[in-house]
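Working notes, structure below.
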Amino acid sequence: MAGLKDIKRRIKSVKNTKKITYAMKLVSAAKLKKAQDAVKASREYTDALGQLLSELLAALSTQPDLEHPLTETRPEVKKIRIVVVGGSRGLCGAFNTNINKRVESARRELAAKNPGASIDAVIFGKKPFEYHRNRKIPFSKHYIGLSEDANEWPIEEVCLKLESDFISGEIDEAYILYTQFRSAMSQSVLLEKLLPMDAGLSESGGAELSTGLTLFEPSAEAVFEAILPRILRTKILQAGLDSKASEHGSRMVAMDSATKNAGELVHKLSLKHNKLRQGAITSELLDIIGGAEALN
(Lines give C-alpha, C1' and ligand atoms only; values in the text may rest on other atoms or scores of the structure.)
Protein backbone atom coordinates (compact mmCIF):
# COMPACT_ATOMS: atom_id res chain seq x y z
CA MET A 1 0.00 0.00 0.00
CA ALA A 2 3.01 2.29 0.44
CA GLY A 3 3.44 2.23 -3.34
CA LEU A 4 -0.19 3.33 -3.80
CA LYS A 5 0.29 6.24 -1.44
CA ASP A 6 3.41 7.38 -3.25
CA ILE A 7 1.65 7.25 -6.62
CA LYS A 8 -1.38 9.14 -5.29
CA ARG A 9 0.95 11.78 -3.88
CA ARG A 10 2.73 12.09 -7.23
CA ILE A 11 -0.56 12.31 -9.15
CA LYS A 12 -1.64 15.17 -6.90
CA SER A 13 1.71 16.94 -7.41
CA VAL A 14 1.55 16.59 -11.20
CA LYS A 15 -2.04 17.87 -11.27
CA ASN A 16 -0.99 20.95 -9.30
CA THR A 17 1.90 21.51 -11.73
CA LYS A 18 -0.52 21.15 -14.63
CA LYS A 19 -2.73 23.90 -13.18
CA ILE A 20 0.29 26.20 -12.90
CA THR A 21 1.54 25.57 -16.45
CA TYR A 22 -1.98 26.02 -17.84
CA ALA A 23 -2.33 29.35 -16.02
CA MET A 24 1.08 30.47 -17.33
CA LYS A 25 0.03 29.50 -20.84
CA LEU A 26 -3.09 31.68 -20.58
CA VAL A 27 -1.11 34.63 -19.21
CA SER A 28 1.49 34.33 -21.97
CA ALA A 29 -1.25 34.10 -24.61
CA ALA A 30 -2.80 37.35 -23.36
CA LYS A 31 0.60 39.09 -23.29
CA LEU A 32 1.44 37.72 -26.73
CA LYS A 33 -1.65 39.29 -28.28
CA LYS A 34 -0.68 42.70 -26.92
CA ALA A 35 2.95 42.23 -27.98
CA GLN A 36 1.89 41.17 -31.50
CA ASP A 37 -0.15 44.34 -31.90
CA ALA A 38 2.84 46.43 -30.76
CA VAL A 39 5.16 44.66 -33.22
CA LYS A 40 2.73 45.21 -36.09
CA ALA A 41 2.28 48.91 -35.32
CA SER A 42 6.03 49.42 -34.96
CA ARG A 43 6.76 47.69 -38.27
CA GLU A 44 4.29 49.96 -40.01
CA TYR A 45 6.14 52.95 -38.55
CA THR A 46 9.49 51.45 -39.60
CA ASP A 47 8.19 50.93 -43.14
CA ALA A 48 6.99 54.54 -43.22
CA LEU A 49 10.46 55.73 -42.20
CA GLY A 50 11.95 53.59 -44.95
CA GLN A 51 9.62 55.16 -47.50
CA LEU A 52 10.54 58.62 -46.23
CA LEU A 53 14.24 57.78 -46.55
CA SER A 54 13.57 56.61 -50.10
CA GLU A 55 11.96 59.95 -50.91
CA LEU A 56 14.93 61.74 -49.35
CA LEU A 57 17.46 59.76 -51.36
CA ALA A 58 15.58 60.60 -54.52
CA ALA A 59 15.59 64.29 -53.62
CA LEU A 60 19.30 64.18 -52.76
CA SER A 61 20.35 62.06 -55.73
CA THR A 62 22.17 65.06 -57.23
CA GLN A 63 24.42 65.24 -54.14
CA PRO A 64 26.45 62.02 -54.14
CA ASP A 65 28.99 63.49 -51.70
CA LEU A 66 26.42 64.07 -48.96
CA GLU A 67 27.59 62.46 -45.71
CA HIS A 68 26.45 62.01 -42.14
CA PRO A 69 28.61 61.23 -39.08
CA LEU A 70 26.66 58.02 -38.48
CA THR A 71 27.40 56.71 -42.01
CA GLU A 72 31.19 57.07 -41.81
CA THR A 73 32.96 53.79 -42.58
CA ARG A 74 36.25 53.24 -40.72
CA PRO A 75 39.22 51.84 -42.69
CA GLU A 76 40.16 49.63 -39.72
CA VAL A 77 37.73 48.22 -37.17
CA LYS A 78 39.31 48.09 -33.71
CA LYS A 79 36.30 48.19 -31.38
CA ILE A 80 32.90 46.55 -31.89
CA ARG A 81 29.82 46.78 -29.69
CA ILE A 82 26.89 44.35 -29.77
CA VAL A 83 23.51 45.30 -28.34
CA VAL A 84 22.09 42.00 -27.06
CA VAL A 85 18.32 41.85 -26.49
CA GLY A 86 17.17 38.82 -24.51
CA GLY A 87 14.66 37.63 -21.93
CA SER A 88 14.31 38.40 -18.26
CA ARG A 89 12.74 35.10 -17.18
CA GLY A 90 12.96 31.41 -17.98
CA LEU A 91 10.34 28.73 -18.69
CA CYS A 92 10.22 29.78 -22.35
CA GLY A 93 11.72 26.79 -24.11
CA ALA A 94 14.92 27.40 -26.07
CA PHE A 95 14.37 31.16 -26.36
CA ASN A 96 17.25 32.24 -24.10
CA THR A 97 19.49 29.34 -25.11
CA ASN A 98 19.23 30.31 -28.79
CA ILE A 99 20.23 33.89 -27.99
CA ASN A 100 23.25 32.76 -25.96
CA LYS A 101 24.37 30.41 -28.74
CA ARG A 102 24.05 33.21 -31.30
CA VAL A 103 26.10 35.53 -29.08
CA GLU A 104 28.96 33.03 -29.18
CA SER A 105 28.75 32.48 -32.94
CA ALA A 106 28.42 36.23 -33.62
CA ARG A 107 31.53 36.99 -31.59
CA ARG A 108 33.46 34.34 -33.53
CA GLU A 109 32.23 35.70 -36.88
CA LEU A 110 33.10 39.31 -36.03
CA ALA A 111 36.49 38.32 -34.60
CA ALA A 112 37.32 36.36 -37.76
CA LYS A 113 36.24 39.27 -39.95
CA ASN A 114 38.14 41.86 -37.90
CA PRO A 115 41.28 40.22 -36.43
CA GLY A 116 42.48 41.93 -33.28
CA ALA A 117 39.28 43.90 -32.72
CA SER A 118 37.86 44.03 -29.18
CA ILE A 119 34.18 43.21 -28.74
CA ASP A 120 31.96 44.29 -25.87
CA ALA A 121 28.20 44.30 -25.35
CA VAL A 122 25.26 46.32 -24.08
CA ILE A 123 22.69 43.91 -22.68
CA PHE A 124 18.92 44.11 -22.34
CA GLY A 125 17.53 41.32 -20.17
CA LYS A 126 18.53 39.32 -17.10
CA LYS A 127 19.21 36.00 -18.86
CA PRO A 128 21.84 37.23 -21.38
CA PHE A 129 23.39 39.31 -18.58
CA GLU A 130 23.80 36.19 -16.42
CA TYR A 131 25.25 34.32 -19.40
CA HIS A 132 27.85 37.06 -20.06
CA ARG A 133 28.70 37.39 -16.38
CA ASN A 134 29.08 33.64 -15.72
CA ARG A 135 31.32 33.13 -18.76
CA LYS A 136 33.21 36.40 -18.24
CA ILE A 137 32.26 37.72 -21.69
CA PRO A 138 33.03 41.48 -21.81
CA PHE A 139 30.10 43.88 -21.57
CA SER A 140 29.99 47.60 -20.83
CA LYS A 141 26.39 48.06 -19.67
CA HIS A 142 23.42 45.92 -18.72
CA TYR A 143 19.74 46.59 -18.05
CA ILE A 144 17.66 44.18 -15.98
CA GLY A 145 14.25 44.48 -14.37
CA LEU A 146 12.89 45.83 -17.64
CA SER A 147 9.25 46.63 -18.28
CA GLU A 148 7.09 44.26 -20.34
CA ASP A 149 6.63 47.18 -22.75
CA ALA A 150 9.80 47.84 -24.76
CA ASN A 151 8.65 51.43 -25.30
CA GLU A 152 9.58 52.06 -21.66
CA TRP A 153 13.12 50.70 -22.01
CA PRO A 154 16.09 53.14 -21.81
CA ILE A 155 16.53 53.05 -25.59
CA GLU A 156 17.24 56.78 -25.86
CA GLU A 157 20.09 56.44 -23.37
CA VAL A 158 21.61 53.54 -25.29
CA CYS A 159 21.30 55.33 -28.63
CA LEU A 160 22.89 58.53 -27.35
CA LYS A 161 25.81 56.51 -25.99
CA LEU A 162 26.21 54.59 -29.25
CA GLU A 163 26.15 57.79 -31.29
CA SER A 164 28.63 59.64 -29.08
CA ASP A 165 31.02 56.67 -28.89
CA PHE A 166 30.84 56.11 -32.65
CA ILE A 167 31.38 59.76 -33.56
CA SER A 168 34.25 60.10 -31.06
CA GLY A 169 35.90 56.91 -32.32
CA GLU A 170 35.37 54.88 -29.13
CA ILE A 171 33.69 52.22 -31.29
CA ASP A 172 34.00 51.56 -35.00
CA GLU A 173 30.98 49.30 -35.54
CA ALA A 174 27.80 48.46 -33.67
CA TYR A 175 25.43 45.53 -34.12
CA ILE A 176 22.18 44.39 -32.57
CA LEU A 177 21.37 40.77 -31.76
CA TYR A 178 17.73 39.90 -31.09
CA THR A 179 14.97 37.39 -31.81
CA GLN A 180 12.74 38.38 -34.71
CA PHE A 181 9.10 37.43 -34.21
CA ARG A 182 7.20 35.72 -37.01
CA SER A 183 4.67 33.67 -35.09
CA ALA A 184 4.33 31.89 -31.76
CA MET A 185 5.89 28.82 -33.38
CA SER A 186 8.49 30.58 -35.52
CA GLN A 187 11.22 32.97 -34.39
CA SER A 188 14.79 33.50 -35.57
CA VAL A 189 17.79 35.09 -33.87
CA LEU A 190 19.31 37.81 -36.06
CA LEU A 191 22.49 39.87 -36.00
CA GLU A 192 22.07 43.22 -37.79
CA LYS A 193 24.45 46.14 -38.22
CA LEU A 194 23.50 49.41 -36.55
CA LEU A 195 26.59 51.55 -37.16
CA PRO A 196 27.87 52.75 -39.51
CA MET A 197 24.42 53.18 -40.99
CA ASP A 198 23.89 52.38 -44.65
CA ALA A 199 21.86 55.29 -45.92
CA GLY A 200 21.82 53.86 -49.43
CA LEU A 201 23.36 56.97 -50.99
CA SER A 202 25.29 54.82 -53.41
CA GLU A 203 22.17 53.01 -54.59
CA SER A 204 19.81 54.14 -57.32
CA GLY A 205 16.74 52.30 -56.04
CA GLY A 206 15.50 55.25 -54.01
CA ALA A 207 14.56 57.31 -57.03
CA GLU A 208 12.53 54.45 -58.46
CA LEU A 209 10.50 54.09 -55.24
CA SER A 210 9.95 57.83 -54.87
CA THR A 211 6.65 59.38 -55.88
CA GLY A 212 8.33 62.73 -56.51
CA LEU A 213 5.49 64.51 -54.67
CA THR A 214 7.17 65.02 -51.28
CA LEU A 215 8.28 68.48 -50.20
CA PHE A 216 10.85 68.70 -47.38
CA GLU A 217 11.00 71.62 -44.97
CA PRO A 218 13.23 73.36 -44.12
CA SER A 219 15.27 71.30 -46.63
CA ALA A 220 15.94 67.73 -47.70
CA GLU A 221 19.42 67.97 -46.17
CA ALA A 222 18.04 69.00 -42.77
CA VAL A 223 15.47 66.19 -42.78
CA PHE A 224 18.20 63.71 -43.79
CA GLU A 225 20.32 64.85 -40.83
CA ALA A 226 17.38 64.32 -38.47
CA ILE A 227 16.00 61.04 -39.80
CA LEU A 228 19.10 58.84 -39.44
CA PRO A 229 19.20 59.03 -35.61
CA ARG A 230 15.45 58.36 -35.62
CA ILE A 231 15.98 55.24 -37.73
CA LEU A 232 18.65 54.04 -35.28
CA ARG A 233 16.21 54.37 -32.38
CA THR A 234 13.46 52.67 -34.35
CA LYS A 235 15.69 49.67 -35.11
CA ILE A 236 16.51 49.12 -31.43
CA LEU A 237 12.89 49.63 -30.36
CA GLN A 238 11.71 47.19 -33.04
CA ALA A 239 14.23 44.64 -31.79
CA GLY A 240 12.91 45.05 -28.25
CA LEU A 241 9.29 44.61 -29.34
CA ASP A 242 10.16 41.59 -31.48
CA SER A 243 12.09 40.06 -28.59
CA LYS A 244 9.24 40.45 -26.09
CA ALA A 245 6.71 38.98 -28.54
CA SER A 246 9.08 36.07 -29.24
CA GLU A 247 9.57 35.46 -25.51
CA HIS A 248 5.82 35.39 -24.84
CA GLY A 249 5.24 33.14 -27.85
CA SER A 250 7.98 30.73 -26.77
CA ARG A 251 6.67 30.64 -23.21
CA MET A 252 3.10 30.01 -24.38
CA VAL A 253 4.22 27.10 -26.57
CA ALA A 254 6.46 25.70 -23.81
CA MET A 255 3.71 25.89 -21.19
CA ASP A 256 1.19 24.34 -23.58
CA SER A 257 3.58 21.44 -24.16
CA ALA A 258 4.20 21.12 -20.40
CA THR A 259 0.45 21.06 -19.73
CA LYS A 260 -0.08 18.29 -22.29
CA ASN A 261 2.84 16.29 -20.90
CA ALA A 262 1.48 16.67 -17.37
CA GLY A 263 -1.91 15.38 -18.54
CA GLU A 264 -0.29 12.36 -20.17
CA LEU A 265 1.76 11.68 -17.03
CA VAL A 266 -1.36 11.86 -14.84
CA HIS A 267 -3.05 9.35 -17.15
CA LYS A 268 -0.10 6.93 -16.96
CA LEU A 269 0.16 7.27 -13.20
CA SER A 270 -3.58 6.71 -12.82
CA LEU A 271 -3.35 3.49 -14.84
CA LYS A 272 -0.43 2.34 -12.73
CA HIS A 273 -2.31 3.24 -9.55
CA ASN A 274 -5.39 1.30 -10.67
CA LYS A 275 -3.34 -1.77 -11.61
CA LEU A 276 -1.59 -1.82 -8.24
CA ARG A 277 -4.90 -1.29 -6.45
CA GLN A 278 -6.56 -4.11 -8.38
CA GLY A 279 -3.58 -6.35 -7.67
CA ALA A 280 -3.78 -5.59 -3.95
CA ILE A 281 -7.52 -6.32 -3.90
CA THR A 282 -7.04 -9.57 -5.82
CA SER A 283 -4.31 -10.63 -3.40
CA GLU A 284 -6.55 -9.93 -0.39
CA LEU A 285 -9.42 -11.91 -1.96
CA LEU A 286 -7.14 -14.87 -2.61
CA ASP A 287 -6.00 -14.78 1.04
CA ILE A 288 -9.62 -14.76 2.24
CA ILE A 289 -10.60 -17.61 -0.10
CA GLY A 290 -7.54 -19.60 0.88
CA GLY A 291 -8.33 -19.14 4.60
CA ALA A 292 -11.98 -20.20 4.10
CA GLU A 293 -10.94 -23.35 2.23
CA ALA A 294 -8.44 -24.18 4.97
CA LEU A 295 -11.22 -24.01 7.57
CA ASN A 296 -13.38 -26.33 5.48
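For the residues Glu163, Glu157, Glu104, Glu130, the requirement of being in a helix (DSSP H, G or I) and under 29 Å from Lys25 (Cα atoms) singles out Glu130.
Within the range 261-296, the residues that satisfy the criterion of being touching a helix residue (DSSP H, G or I) at 6+ places or on another chain (Cβ under 9 Å) and basic (Lys, Arg) are Lys272, Arg277.
Annotation: of all residues in the range 170-187 being surrounded by fewer than 21 Cβ atoms within 10 Å (Cβ to Cβ) and within 18 Å of Phe124 (Cβ to Cβ), the one that is nearest to the chain's Cα centre (by Cα) is Gln180. Here Ser54, Ser28, Ser61 are screened, and the one residue that is of a type in the set (Ser, Thr, Tyr) and modelled with pLDDT of 90 or more is Ser28.
Restricting attention to the range 210-226, does a residue exist that is surrounded by 20 or more Cβ atoms within 10 Å (Cβ to Cβ), part of a helix (DSSP H, G or I), of a type in the set (D, E, K, R) and modelled with pLDDT under 95? No, because not a single residue in the range 210-226 is surrounded by 20 or more Cβ atoms within 10 Å (Cβ to Cβ), part of a helix (DSSP H, G or I), of a type in the set (D, E, K, R) and modelled with pLDDT under 95. Scanning the range 126-147 for residues that are touching a residue at least 60 places away in the same chain (Cβ under 8 Å) and either loosely packed, with under 13 Cβ neighbours inside 10 Å or in contact with a helix residue (DSSP H, G or I) (Cβ under 9 Å, 6 or more places away or on another chain) (or both) turns up nothing. Scan the range 149-169 for residues that are touching a helix residue (DSSP H, G or I) at 6+ places or on another chain (Cβ under 8 Å) and surrounded by 13 or more Cβ atoms within 10 Å (Cβ to Cβ) and the total you get is 10. Taking the condition touching a residue at least 12 places away in the same chain (Cβ under 8 Å), surrounded by 15 or more Cβ atoms within 10 Å (Cβ to Cβ) and under 20 Å from the mean Cα position of the chain (by Cα), does Val77 pass? In short, no.
If you check Glu163, Glu148 for being out of contact with any Ser or Thr (no Cβ under 7 Å at 6 or more places or on another chain) and closer than 22 Å to Ser186 by Cβ, only one passes: Glu148. For the range 19-78, the set of residues classified as among the polar types (S, T, N, Q) and farther than 30 Å from Ala254 by Cβ consists of Gln51, Ser54, Ser61, Thr62, Gln63, Thr71, Thr73, listed by residue number. In the condition set (1) in contact (Cβ under 8 Å) with a residue 60 or more places away in the chain; (2) farther than 26 Å from Leu160 by Cβ; (3) assigned to a loop (DSSP other than H, G, I, E, B), Gln36 is compliant with all but (3). Any residue in the range 51-61 that is in a loop (DSSP other than H, G, I, E, B), closer than 30 Å to Phe216 by Cβ and in contact (Cβ under 8 Å) with a residue 12 or more places away in the chain? Checked against the condition, which is being in a loop (DSSP other than H, G, I, E, B), closer than 30 Å to Phe216 by Cβ and in contact (Cβ under 8 Å) with a residue 12 or more places away in the chain, the range 51-61 yields at least one hit.
The values are calculated or read from the model by the stated rules, or taken from the named source; none is laboratory data. In this text the structure is predicted, and so the values were computed from the model without any measurement. A quick note on method: Cβ atoms are made from the backbone with ideal geometry, for glycine too, and the neighbour counts reach across all protein chains shown.
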